[in-house]
Every structure is written in C-alpha cells, then in structure tokens.
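Nothing in this text is a laboratory measurement; each read-out follows from the coordinates by a stated rule. Everything numeric here is computed off the predicted structure, so don't read it as measured data. For neighbour counting, all protein chains shown are included, and Cβ atoms are generated from backbone atoms with ideal geometry for every residue, glycine included.
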Amino acid sequence: MSFKSPRIVITGVGLTAPNGNTLSEFRQNLLNGVGGIEKKEIRYMGELLAGVCHYDALKYQTKKELRVGTRAGSISIYCAREAVTDSKIDFANFPKDRIGIYVGTTEHGNVETENEIYAISKFNYDTKYWSHYHNPRTVSNNPAGEVSLNLGITGPAYTIGAACAAGNMGLIHAAQMLRLGEVDLAICGGVSESIHTFGIYAGFKSQNALATHPDPLKASRPFDKARNGIVISEGGALYTLERLDDALARGAKIYGEIGGYCVNSDASDYVLPNPGRQAECVRKALTNAGLNAHDIHIVNTHATATPMGDIQECEAIRAVFGENCPDTYINNTKSYIGHCMGAAGALELAGNLPSFDDLIVHPTINVDDLDPQCALPGLVINHPKKVGKVDAILNNSFGMLGINSTLIVKRYVA
C-alpha cells in the first residue's frame, strides 16, 4: 500500500553528537571529516574508546535536576528543547495535551543500576544506602518522562525499545500517531547513554566486537579491511514532526517529508543480521513510499564496523541498489561518531538532511583499504561528493534480535 494524507513533515531538529551539538556544527564536521571518538575510563575495564557528548547540560536543567535525573533524560531534554526552539512553534500557547513524546532507546536503567550497586558496595551492600530515586530513574519510559516533566507536556510520553533500530522507530511511531490524529505535534527520535555502563562494553568485548585502534579517531572504520568492531557512543537527536497543513498554516521551515518506512524482523539469530530480511525491509519501505530504488539519492547505512555485520548489510544493499541506480550514493555516519545505539538512526538522518539544500553527500571516513565484500556502487568514501540532485534519503537502522527499520525522507514539494 502507499501512504495517504495527511502528509507528515519535519519542522525542527535538536541534537547532541560526539562531534557536534547543533545540526550546523554536526553537518560541518561530517563534511570536513571531523570525528568525535576519545579515550574514556570505564569502570572495571580501564581505558577504552567512546563517543562522548559535550553539550551544555545546564542550558535547560538545574544542577539539582541533573542529580535527580539520568544522563539519558538530560540528553533527551537538551535535544527536545533544541528541536522545539528550532521549529519556532508558539510552544507557550500550544495545547500541551496534544503533544506526543516518542523516544527510541536501545536500553535504559543499566547505568543507574550499576551505579547503585557500586555505591552500596562501599557499605558492605547495605541496601539502606540505595537511592530512593532509583525506580523513576530506571523505568523504561524515563527519557520521555523527563522531557514531559521539563517541558510541561501532558500528552502521551513514552519510549520505544527497538535495539539499534530505535532512532528510526521514534520517528516512524510519531508519524503514525500524527496520521491517526492522536496528537498534533510530536517530539521524536532516539537517545543513548550507553557509554556510562560497563556492561555493554563487557558484552561487546566478550563477543570480540569492541573496536581497538591506537588513534581513537580512526577506530570506527566501516567497510575497511582493518575494521575490528564497534565504538560505543552516547548521543541524541529529536525532531518536531507535524501534519503538513499545520506546518504550512504557521509558515514553518520544512526540512523534509516522511516518505515511507518499514519495520520487520529477521527471526533467525540473536546477533547476526539476515541480509534477505534487511533487503525485504528496504523494498517494502520503497513500496510504501511509492518509489523505486533509483529514486533514492542517499542511502545511509547502519554498518557498525563489525566484520560480518558490514558484509551482510552490503549484501542487502547490493540486492536492492546494485543495478540501474546511477544517482544513488551510499554513506555511513558511524565512521565519525561510533555507534550511538538508540540514537544512531536519528542522528544519521540528521547528518544527511542538509543534503536537500547543499546537494553534498557526506562521506564514510577511515576507509584506507576498502573490503572488496563491502564495495558498493555509489559508495562515497573519505571525501564529500557534490551531486546533481537529492530528492530522497533512505536511512537504515538494524538491531539485535533481528529488528530492522528503514525510513525514507523526501524533499518537500508543495
């Protein structure tokens, strides 16, 4: 089926990434090849690599609010506030019960639980020292709930757990709720605080999937022969989505239009991707958008720089875009910022949205020796590419337990 009215558009973007805290800064660094990976001390594990965000947490919260809340909540509040400001909507007079908050997350609660166990270990594990804030900090809906509290929003506010497909899922779900008329404005996307839990590092290390490199900025290297794993990162990107008629009525700037999407599952393995199901997800998103493969001008890959994961995704992309797509270009954002988990899809979309205006495709960096099994037609590596047109961007995000998501954003045309 093809999507029908109402049309849904993006009118605001707020983000924090390891290499930028605004869309313009993030985009400029992507075009200039500037990454954001650094060394970080991880409890019990020593010095490892991480993508760390350096946003001003006190811009929208007090010190007390930061102590009571969570890192994921703080990132969410920062991104939500930035998106609302960017949208230039009359937020003070907007009915707060008609706003929905849909935040994708990979995991939540591990950071606070690890911290509390570590804290009581100093007191012979006496639980009387356990924080009375623990429960609201660790419930799954915390990031969206903190945004609701901070902005005074009384509409639906919850998180969407979708592994590393969660960033896309936040936008997809928001578009669905707007089409159903459940809300009139959606704040949506994805966030991650993953670098603050040692468990995720230990898990990836046990899978031999944790990246190492003498130079942190070269550690995340999708498609390169020498790639050796994931760089774990934090970050967030939240958007304001509206029905087109509402956006036009208030003269909003429109970044792009939600064109189509698909979510499916591999049902084949806990971790290893299934290229057949990934290709199926992409094809169904194209059908839902009423587009053919050659109508897509940018494909942003999920590729995390694991040896097999990159090959499997490239097989899927090759199956869909391997022939008769001369104007389709392929890139990757994790080469700059590592894997921002629940925020990945939302951040990667943001990095490509300005291409509608400047007609430049940002490259995948750190590709010194392209793996032949990852060689794709239209792959943009190491240097930006000026192209003739960008009318449609396809964003892939895949996750553990076989969840796949594909989101297509089109250039807005009246």
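In sequence order, the range 282-293 has phi-based couplings of 5, 4, 5, 5, 4, 4, 5, 7, x, 10, 9, 4 Hz under the Karplus curve 6.51 cos²θ - 1.76 cosθ + 1.60, θ = phi - 60°, and Gly or Pro positions carry x. Measuring max minus min along each principal axis, the C-alpha atoms of the range 8-249 give extents of 54, 51, 29 Å (largest first). Normalised by residue number, the volume inside the convex hull of the Cα atoms of the range 260-410 is 95 Å³ per residue. Working from the Cα coordinates of the range 111-154, the gyration tensor eigenvalues give, after taking √(5λ), semi-axes of 28, 9, 7 Å in decreasing order.
Close amide H pairs (under 5 Å, H built 1.01 Å from N) link Ile330 with Val299, Leu379, Val380, residues at least 5 positions away or on another chain. Once backbone amide H atoms are built at 1.01 Å from N, Ile8 has Leu244, Ile258 as its partners under 5 Å, excluding neighbours fewer than 5 places away on the same chain. For Ala305, the amide hydrogen comes within under 5 Å of the amide hydrogens of Phe223, Asp310, counting only partners 5 or more places away or on other chains and with H modelled in the peptide plane. Listed from fewest to most Cβ neighbours within 10 Å, the set His196, His213, His294, His108 follows the order His294, His213, His196, His108. If you average 1/r over all unlike Cα pairs in the range 70-122 and invert the result, what Kirkwood radius do you get in angstrom? The Cα-based Kirkwood calculation yields 13.8 Å. Each Cα pair under 8 Å and six or more residues apart adds its separation to the average, and for the range 8-249 the resulting relative contact order is 31 percent.
Taking the mean number of other Cβ atoms within 10 Å as a proxy for protection, how do you rank 333-343, 179-189, 12-22 from highest to lowest? Each step should come with its number before you reach the end.
Working: 333-343: 31.7, 179-189: 22.1, 12-22: 25.4.
My ranking of the peptides, most packed first, is 333-343, 12-22, 179-189.
Just to verify a number: FRET efficiency for Trp130 and Lys225, C-beta to C-beta distance, R0 = 60 Å, to 0.05? The calculated FRET efficiency here is 0.80. For the range 303-330, backbone nitrogen atoms closer than 20 Å to the point 7 Å from Leu359 Cα along Cα-to-C-beta are found at 325-330.
Label positions at Val139 and Arg43, each projected 7 Å from the Cα along the C-beta direction, are separated by 2.3 nm.
Would you order Met169, Met177 from fewest to most other beta-carbon atoms within 10 Å of each residue's own beta-carbon? Write out the running numbers ahead of the final one.
Numbers: Met169 31, Met177 20.
The order, fewest Cβ neighbours first, is Met177, Met169.
Computed over the chain, the per-residue total of -39500 (n - 2.57) for DSSP H runs of n ≥ 4 gives a 222 nm mean residue ellipticity of -9500 deg cm²/dmol, rounded to 500. Beyond 30 Å between alpha-carbons counts as too far, so tell me which of Lys40/Lys96; Lys40/Lys225; Lys59/Lys253 fall in that bin. Over 30 Å apart, Cα to Cα: Lys40/Lys96. Sequence-ordered 3J(HN,Hα) estimates for the range 148-163 from the Karplus curve with 6.51, -1.76 and 1.60 and θ = phi - 60° stand at 4, 5, 5, 9, x, 8, 10, x, x, 9, 7, 9, 10, x, 9, 6 Hz, glycine and proline given as x.
Would you kindly state how much longer the chain becomes between Thr212 and Val271 on full extension, computed as 0.36 nm times their sequence separation minus their alpha carbon distance, in nm to one decimal?
19.2 nm
As a size descriptor, the averaged projected area of the C-alpha convex hull of the chain was calculated at 19.1 nm².
Highest mean first, what order results for 39-51, 77-89, 350-362, 236-248 on Cβ atoms within 10 Å? Please report the intermediate quantities before stating the final value.
On the way: 39-51: 16.5, 77-89: 23.4, 350-362: 20.9, 236-248: 25.0.
Final packing ranking: 236-248, 77-89, 350-362, 39-51.
Sequentially through the range 217-233, phi angles give Karplus couplings (6.51, -1.76, 1.60; θ = phi - 60°) of 5, 10, 6, 8, 9, x, 6, 7, 4, 8, 4, 9, x, 8, 9, 7, 9 Hz, Gly and Pro residues having no value and appearing as x.
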